[in-house]
Amino acid sequence: LTLTNGALLRIDGGTSLNGGGLAVSNRPGDLDHGLSAAGSVLIDNSRIEITGLDNAGGTVGRDGVGTMTIQNGGTLEVIDAGGSSYGFSIGQGTALSNAPGTGTVTVTGAGSQLRTVNLNIGRDTIGTGTLTVENGGSAVAIQGIRVGRDGGDGTLNINAGGLVSSGNGSGSIFLGSNTGVAGGNALMVMTGGTLNAGTGSLFVAHGEGTSSVADVSGGTINAPLISIGHGEQTNGNLTVNGATTAINILGLRSTGDGATLLVGRDGLGLLNLNNGRITLDSQVAPTGLSGGLVLGGSSTALTNDGAGTVNISGAGVMELRTGVTQIGRQGTGLLNITGGGTLDASLQETSVIGRLAGSTGTVNVSGTGSTWSAGTRLFIGTDVDFNTNTALGNGGTGLLNVANGGAVFANDLINGATGTITGGGGTITANIQNSGTIGPGNSPGLMSVIGDVNLLAGGTLVLELGGIIVDTGYDRLDVAGTA
């Protein structure tokens, strides 16, 4: 099927439940979608409209192989007058025919667009879908986008000049999304362009048992919540490269909660920030949760099994302007800042490592130029009252390791009974209250503190003695203020 030179194809489903649609490479005898094409559609400077009061939609590659190209200002629009949750699917395999569905759609050229209610890329256990948007093309799904849905495998490619958006409302973008079916894989590759989630969210590995990878080497992502490793038994990975890459976690979510970066809510989450910039800012006071950076669990987690890791290295910069930082909330959190990486949370009031009992939080800041500005107060191994910014006790296991030229900044550092501060060759700029363990060196070495150190009752200072040469034969705690 080829449409050129301003042609218009309108498919009207009326009010029938399964009427009004487009199926490219459909299983034999299936008339549910109104039009069964012979595998390939070209929309060149032309328009296809799919309309209906109920379930208007279509599929490219349902139980077969289908391709579609939208170019030179061409448009495919699914108009659902009934407000149904249906939409458009790319690559759908169904159990009815036990045949795999493979769909490929490319939207390219200024003004070219795919617009629908919902968009599924790779749907059902034997469905495989790929969507590429580039060169001024756009794909907009008002109620949301699901890549790798219900066990399917989906790929979303966004190249220079491409725009993918879930609309201006609360619709979210899901990489790996299941509703009762475990498994499925999702891949997002960005080399440029823009991804917008409106007031919704970007989920990397959302549904149970999904595996999702997002590789961002250019372009811009806008979403008030990004969650990596969200669902149970999920595995999510977001890697950020490219000096011009910008990830903006800005504004309030549709729930009124503050801007949030969540890694390892109930599954395994990994964020590698090797280059580029991540900025988090609620911009106005939230009416719900404060938001911020959370590794390992969340207030909405279903289990205590979430494990989140964030690696910030080289020219990677993360700036947290609002909310709080929690490394190991009730699960396991690991933050590594190495090779000159920067985490700037100087505008936040509170950071905590190993917050709730049973949690494990670890922060390593190592290498010349590697810095963590942790805000007004940094707590280790203790629960925290965020309203008063004070310790509540009964924390998890927290470890702060500052070494080899790394630097940590805070006004006050409160090390709880289950907290440990260690490292050799690093600098901590803060007034430290220690009820846990301070172990300078790390076989052995120097720990420098610009500030006061108060060794409270029950706290421990561990000094290794192995020779007569300072910093190599025995540990040294060098306190610029009062010890």
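The values are calculated or read from the model by the stated rules, or taken from the named source; none is laboratory data. Quick caveat: nothing in here was measured; it's all calculated off a predicted structure. Cβ coordinates were reconstructed from backbone atoms using ideal geometry, including for glycine residues, and neighbour counts include every protein chain displayed. Quick note on the areas: whole protein, heavy atoms, side chains included, nothing else; ligands and nucleic acids left out. Shrake-Rupley method; radii C 1.70, N 1.55, O 1.52, S 1.80 Å.
So which residues in region 122-133 are part of a strand (DSSP E or B), closer than 14 Å to Gln92 by Cβ and in contact (Cβ under 8 Å) with a residue 40 or more places away in the chain, if there are any at all? Give the derivation first.
Let us first name the residues in region 122-133 that are part of a strand (DSSP E or B), namely 122-123, 127-133.
Checking which are closer than 14 Å to Gln92 by Cβ leaves us with 122-123, 127-131.
Across region 122-133, the qualifying residues are Gly122, Gly127, Thr128, Gly129, Thr130, Leu131.
Only one of (1) in contact (Cβ under 8 Å) with a residue 60 or more places away in the chain; (2) on the phi > 0 side of the Ramachandran plot; (3) out of contact with any Asp or Glu (no Cβ under 8 Å at 6 or more places or on another chain) fails for Gly136. Which number is that?
(1)
A quick yes/no check of all residues on (1) over 19 Å from the mean Cα position of the chain (by Cα); (2) free of Cβ contacts under 8 Å to residues at least 60 places away in the same chain:
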residue: Gly109; (1), (2): yes, yes
residue: Val117; (1), (2): yes, no
residue: Arg149; (1), (2): no, yes
residue: Gly154; (1), (2): no, no
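Would you check if Thr482 is β-branched (Val, Ile, Thr), within 18 Å of Ser366 (Cα to Cα), free of Cβ contacts under 8 Å to residues at least 60 places away in the same chain and open to solvent by 10 Å² or more (accessible area, probe 1.4 Å)? Please lay out each step first, then the result.
Details: β-branched (Val, Ile, Thr): yes; within 18 Å of Ser366 (Cα to Cα): no; free of Cβ contacts under 8 Å to residues at least 60 places away in the same chain: yes; open to solvent by 10 Å² or more (accessible area, probe 1.4 Å): yes.
It is false that Thr482 is β-branched (Val, Ile, Thr), within 18 Å of Ser366 (Cα to Cα), free of Cβ contacts under 8 Å to residues at least 60 places away in the same chain and open to solvent by 10 Å² or more (accessible area, probe 1.4 Å).
Step by step: first the residues of region 172-191, then only those that are outside any strand (DSSP E or B) and small (Gly, Ala, Ser), then the one that is farthest from the chain's Cα centre (by Cα). Which residue is that? Please lay out each step first, then the result.
Of all residues in region 172-191, those outside any strand (DSSP E or B) come to 178-184, 191.
Subset that is small (Gly, Ala, Ser): 180, 182-184.
Numbers: Gly180: 22, Ala182: 20, Gly183: 19, Gly184: 18 Å.
Of everything passing the filter in region 172-191, Gly180 is farthest from the chain's Cα centre (by Cα).
Going through region 77-119 one residue at a time, which ones are modelled with pLDDT under 75 and either closer than 16 Å to Val164 by Cβ or among the hydroxyl-bearing types (Ser, Thr, Tyr) (or both)? Step through it out loud before you land on a result.
Here is the first cut: in region 77-119, the ones modelled with pLDDT under 75 are 80-86, 94-99.
Within region 77-119, Ser84, Ser85, Tyr86, Thr94, Ser97 qualify.
List the number of the failed condition for Thr360; all other conditions in (1) open to solvent by 30 Å² or more (accessible area, probe 1.4 Å); (2) of a type in the set (Val, Ile, Thr); (3) within 20 Å of the chain's Cα centre (by Cα); (4) closer than 24 Å to Ala391 by Cα hold.
(3)
From the residues in region 39-76 that are open to solvent by less than 40 Å² (accessible area, probe 1.4 Å) and in contact with a Phe, Trp or Tyr (Cβ under 7 Å, 6 or more places away or on another chain), which one is modelled with the lowest pLDDT? Explain how you work it out, then say what you get.
So the first thing to find is which residues in region 39-76 are open to solvent by less than 40 Å² (accessible area, probe 1.4 Å), and the list is 39, 41, 43-44, 46, 48-52, 56-64, 66, 68, 70, 73-76.
Still in the list and also in contact with a Phe, Trp or Tyr (Cβ under 7 Å, 6 or more places away or on another chain): 56-58.
Numbers: Ala56: 61, Gly57: 74, Gly58: 81.
By that ranking, first place goes to Ala56.
Only one of Thr245, Thr155, Thr210, Thr234 is open to solvent by 10 Å² or more (accessible area, probe 1.4 Å) and not basic (Lys, Arg); which? Steps first, please.
Working: Thr245 fails: open to solvent by 10 Å² or more (accessible area, probe 1.4 Å); Thr210 fails: open to solvent by 10 Å² or more (accessible area, probe 1.4 Å); Thr234 fails: open to solvent by 10 Å² or more (accessible area, probe 1.4 Å).
That would be Thr155, the only listed residue that is open to solvent by 10 Å² or more (accessible area, probe 1.4 Å) and not basic (Lys, Arg).
Please determine whether any residue of region 251-269 is part of a loop (DSSP other than H, G, I, E, B), over 26 Å from Gly396 (Cα atoms), modelled with pLDDT of 95 or more and open to solvent by 50 Å² or more (accessible area, probe 1.4 Å).
no
So, in region 145-186, exactly how many residues are among the aliphatic types (A, V, I, L, M) and at pLDDT below 90? So that I can check it myself, show each step before the final result.
Step one: filter region 145-186 for residues among the aliphatic types (A, V, I, L, M), giving 145, 147, 156, 158, 160, 163-164, 173, 175, 181-182, 186.
Add one more test, that the residue is at pLDDT below 90, and what stays is 181-182.
Residues meeting the conditions: 2.
Considering region 462-479 alone, what residues qualify as being open to solvent by 70 Å² or more (accessible area, probe 1.4 Å), in a strand (DSSP E or B) and farther than 16 Å from Gly426 by Cβ?
Leu465, Tyr474
Please state which one of Pro286, Pro224 is open to solvent by 20 Å² or more (accessible area, probe 1.4 Å), touching a residue at least 12 places away in the same chain (Cβ under 8 Å) and farther than 23 Å from Val363 by Cβ. Give the steps one after another, and end with the answer.
Values: Pro224 fails: open to solvent by 20 Å² or more (accessible area, probe 1.4 Å).
After applying the criteria, what remains is Pro286.
Report yes if some residue within region 134-144 is modelled with pLDDT of 95 or more, within 26 Å of Gly297 (Cβ to Cβ) and not in a strand (DSSP E or B); otherwise report no.
no
Which members of region 304-345 meet the condition of being open to solvent by 30 Å² or more (accessible area, probe 1.4 Å) and of a type in the set (Val, Ile, Thr)?
Answer for region 304-345, where residues must be open to solvent by 30 Å² or more (accessible area, probe 1.4 Å) and of a type in the set (Val, Ile, Thr): Thr309, Val317, Thr322, Thr332, Thr338, Thr342.
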